[in-house]
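Here's the structure we're looking at; comments come further down.
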Amino acid sequence: MRIERADASHKNQEAVIRLIDEASSWLRTKNTDQWARPWPSEKKRNRRIHRGLRKKQTWIVWDGMTPAATVTIAEKPIRKVWPAVMRDRSTSAVYVHRLVTARKYAGCKLGEQLIDWAGQRGRDRIGAQWIRIDVWTSNTALHEYYMRQGFVRCGQCPDPDYPSGALFQKSVDQIGDVRIPQWPDPVAAFTLEIIETSDRIGAPVSA
């Protein structure tokens, strides 16, 4: 596989959208309304995706020509999502958005690798102490997934209408063995073993 910082091309935008659409189809088979439709609209969702690409915050993992996963990493919180007490300047964090793993790759812990890679990158770049994620409020199975990865619940989005309002964080001290190269420039190769698995929670994170 290779991880690549994604530029704002049509190819990359479509790759991210395909990953999200596949995840939303899979989520419809679960007991959750996450991503039942683009939030708050398809146009605005696609605008968020494009903004992440344009700001060079989005990464795509490729297996040959196949997009295997994507993650968008920000060094500042979305102010309307994270309460003021969580935005204390004395506490630094990286914020993970649109973490999606294609179902084919659910058995190789690619999502877990990307979480810890984001935290390690944030620690090296800005001295981040935390990896933070806003998770779909009603998807309790996904909450449990993140808690198994070492996250703890740390609050709720102040806006009750925001659907991804369950806030979680994980200390960078809990980062495990990261196999993804830390400083791709802008591309780096790595290897993960794909293990055949039955259905399991993947890694769609936020709206």
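May I ask you to list the residues in segment 83-115 that are among the polar types (S, T, N, Q) and either in contact with a Leu (Cβ under 8 Å, 6 or more places away or on another chain) or crowded, with 23+ Cβ neighbours inside 10 Å (or both)? THR101, GLN113 - these are the residues of segment 83-115 that are among the polar types (S, T, N, Q) and either in contact with a Leu (Cβ under 8 Å, 6 or more places away or on another chain) or crowded, with 23+ Cβ neighbours inside 10 Å (or both). Report the residue count in segment 40-87 for those that are over 16 Å from PHE168 (Cα atoms) and among the acidic types (Asp, Glu). Total meeting the criteria: 2.
Exactly one residue out of VAL96, VAL81 is in contact (Cβ under 8 Å) with a residue 24 or more places away in the chain, over 19 Å from ARG2 (Cβ atoms) and touching an Asp or Glu at 6+ places or on another chain (Cβ under 7 Å): that is VAL81.
Across segment 126-177, the number of residues qualifying as more than 21 Å from THR32 (Cβ to Cβ) and of a type in the set (Phe, Trp, Tyr) comes to 1. If you go through segment 13-30 and keep only what is of a type in the set (Lys, Arg) and in a loop (DSSP other than H, G, I, E, B), you end up with ARG28, LYS30. Looking across ALA36, ALA8, one residue alone is part of a loop (DSSP other than H, G, I, E, B), at pLDDT below 95, of a type outside the set (Phe, Trp, Tyr) and surrounded by fewer than 22 Cβ atoms within 10 Å (Cβ to Cβ). It is ALA36.
Figure legend. Inter-residue proximity from segment 1-29: first residues under 28 Å from ALA141 (Cα atoms) and among the aromatic types (Phe, Trp, Tyr), second residues modelled with pLDDT of 95 or more and surrounded by 18 or more Cβ atoms within 10 Å (Cβ to Cβ), beta-carbon distance below 7 Å, spacing 6+ or different chains. No pairs are indicated.
The criterion of being in contact with a strand residue (DSSP E or B) (Cβ under 7 Å, 6 or more places away or on another chain) and of a type outside the set (Val, Ile, Thr) holds for ARG5. Please determine whether any residue of segment 143-151 is charged (D, E, K, R), part of a helix (DSSP H, G or I) and buried (at least 19 other Cβ atoms within 10 Å of the Cβ). Within segment 143-151, not a single residue is charged (D, E, K, R), part of a helix (DSSP H, G or I) and buried (at least 19 other Cβ atoms within 10 Å of the Cβ).
The values are calculated or read from the model by the stated rules, or taken from the named source; none is laboratory data. Treat the numbers as computed from the prediction; the structure is a model and nothing was measured. Cβ coordinates were reconstructed from backbone atoms using ideal geometry, including for glycine residues, and neighbour counts include every protein chain displayed.
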